[in-house]
1. Sort through G118, G159 and tell me the only one that's free of Cβ contacts under 8 Å to residues at least 60 places away in the same chain, touching a strand residue (DSSP E or B) at 6+ places or on another chain (Cβ under 8 Å), under 17 Å from L8 (Cα atoms) and assigned by TED's automatic domain parsing to the domain that holds W70.
2. Checking T92 against (1) surrounded by fewer than 19 Cβ atoms within 10 Å (Cβ to Cβ); (2) away from the ligand (no atom under 15 Å from the Cβ); (3) among the polar types (S, T, N, Q): exactly one of these is not met. Which one?
3. Specify the residue that is farthest from the chain's Cα centre (by Cα); the eligible residues are those in the stretch 446-489 that are surrounded by fewer than 24 Cβ atoms within 10 Å (Cβ to Cβ) and of a type in the set (D, E).
4. So which residues in the stretch 40-74 are within 12 Å of the ligand (Cβ to nearest atom) and without any contact (Cβ under 8 Å) to a residue 40 or more places away in the chain, if there are any at all?
5. Consider Y277 against the criteria (1) assigned to a loop (DSSP other than H, G, I, E, B); (2) more than 27 Å from Q398 (Cα to Cα); (3) hydroxyl-bearing (S, T, Y): it satisfies all of them except one. Which criterion is unmet?
6. Cβ-Cβ distance below 9 Å, separation of 6 or more or different chains: which pairs start in the stretch 288-311 with a residue that is closer than 13 Å to F45 by Cβ and within 15 Å of the ligand (Cβ to nearest atom) and end on one that is part of a loop (DSSP other than H, G, I, E, B) and aromatic (F, W, Y)?
7. Being away from the ligand (no atom under 14 Å from the Cβ), aliphatic (A, V, I, L, M) and surrounded by fewer than 16 Cβ atoms within 10 Å (Cβ to Cβ) narrows it down to one residue among L147, L156; which is it?
8. Only residues that are modelled with pLDDT under 95 and outside any helix (DSSP H, G or I): list them for the stretch 295-311, please.
Amino acid sequence: MSVNPAPLNRVREYERERATRLPADERPLFHLTPLVGWMNDPNGFCYYKGQYHLFYQYHPFSRQWGPMHWGHAVTNDLLHWTYQPCALAPDTQADAGGCFSGSAVEMPDGQLLLAYTGVQPAGTFRRETQAQCVAIGDGIDFEKSLLNPVIRHAHLPEGYSEFDFRDPKIWREDDGYAMVVANRHSQRQGSILLMKSRDGLDWHFVGEIDASCDEYGRMWECPDFFELDGMHVLLVSPQEMYAREEFHAGYGTVCIVGTFDEKNCQFDRQTVQPVDYGLTFYAPQTMKAPDGRRIMIGWMDNWETCKEAPRRHPWYAQMSAPRELYIRNNRLCQRPVREMENLWKDTIQHNQVTVHEEMSLPGVQGRLMDMEIVLNGQDSACRRFTLHVAKDENHYIQIRCDLARNELIFDRSHGGSRRDIAHTRHVKAGLKDGKMTLRLLMDKESIELFVNDGEQVLTSLIPTPISADHITFAADAPVRMSVKAHHLG
Ligand code: FRU
């Protein structure tokens, strides 16, 4: 428990009282939503004492961002979530301005250590500052260290910021702990620092792993750094990025695949790509499952679009589906976790159907679906294939494959939004050896589209009325496709 248990107890009391009044069936089937109020980044994603734990940035008292708490949920299969009481509240001097994002790791003695950013409120002459804190507990109740903040601005060489210094991602090493944490350097802008400690309390600066140099945004938030398939992967979420290469302007996600020379703290970039090309995905965090899989969950939202998004439920925001990561040709690829199969019920299969005029397929309809389309473009004059989902007389979400230009367009402009915000995204993708695969996860108010076995992923919330559930296919010239649609339940 915290030194002053009153604020956390108040939140837990509020949660207990509200939880009984919330309609469960309005929630998505398998995407995590906050128990009540607001949610942003995934935090503390880990496997601890036989369960997956996911904490989240949380403001229980409204559906807008506010003083940050850590919400908490557990799951056995990454798809069915059970809420736990709020884990952290901003209730000490070190975090009075909020418990910002962070991570979790099991300690050698079996306790769970949370590393998070404590925000110290602005004083008369100062802006609010950020530093790193720890809390240790049994997976439900956590005691904040009296030494907090355990990593301060004074730990860093000159040039690093005390105002933009956040989001520690911690892991265990043979002789202690390591973390990456984000900062904003006076020259190099967003930068990711490596810190080490023997006991989790006494930390020292090791080096800088990479920096934006304003190429990929100003501040870099929510770093993650891990080995995958023989490479090292750095994930960051930039703020205020210029559009360039495959990246759109604003808040985005960046994956840098490279090699890491640990001795010299030297990270060499091989490839740079967006983690997700959709409209609503930010601040992803990964964990290593007991079976060795690297699993990632992101906030299924974006700081730009969330301001204008409707608040239809007593909670706001969702996490993405959990995804397994792998590297192919030095690029990050993703597929939904294999546990998804446990949600499959009625499976409808249509093999080698010829599509031309807009058509639907018997049994392929709904808003809860895991659907795979394999387009067979060989020996076809087809240059444009169009898929409409969440469709009724007035609405549709369009996924258009412009095969001639090697471009896929996701467009939710007719999806029911009343707001003039971004509704379309373009991504370079097309036929590979004559084929293109599109796997769509639809969970009521969201779509996650995995293109060509997860080489690209586009994630988007859709505001479309839930009754709009038709799906149609069309092509500008006859083309064959196979569709396997698993209804989910
Ligand atoms: C990213 C972020 C983090 C911060 C948290 C605050 O979405 O801005 O950098 O820790 O959200 O809620």
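The values are calculated or read from the model by the stated rules, or taken from the named source; none is laboratory data. Keep in mind that what you see is a predicted model, and the values were worked out from it rather than measured. Here the Cβ is made from the backbone with ideal geometry for all residues, glycine too, and neighbour counts use every protein chain on show.
1. Criteria check complete, one pass: G118.
2. (1) is the only condition that T92 fails.
3. Going through the qualifying residues, I end up with D476.
4. Y58, H59, W65, G66, P67, G71
5. (2)
6. Between residues of the stretch 288-311 that are closer than 13 Å to F45 by Cβ and within 15 Å of the ligand (Cβ to nearest atom) and residues that are part of a loop (DSSP other than H, G, I, E, B) and aromatic (F, W, Y), the close pairs are G298/F281; W299/F281.
7. L147
8. Selection gives E304, A309, P310, R311.
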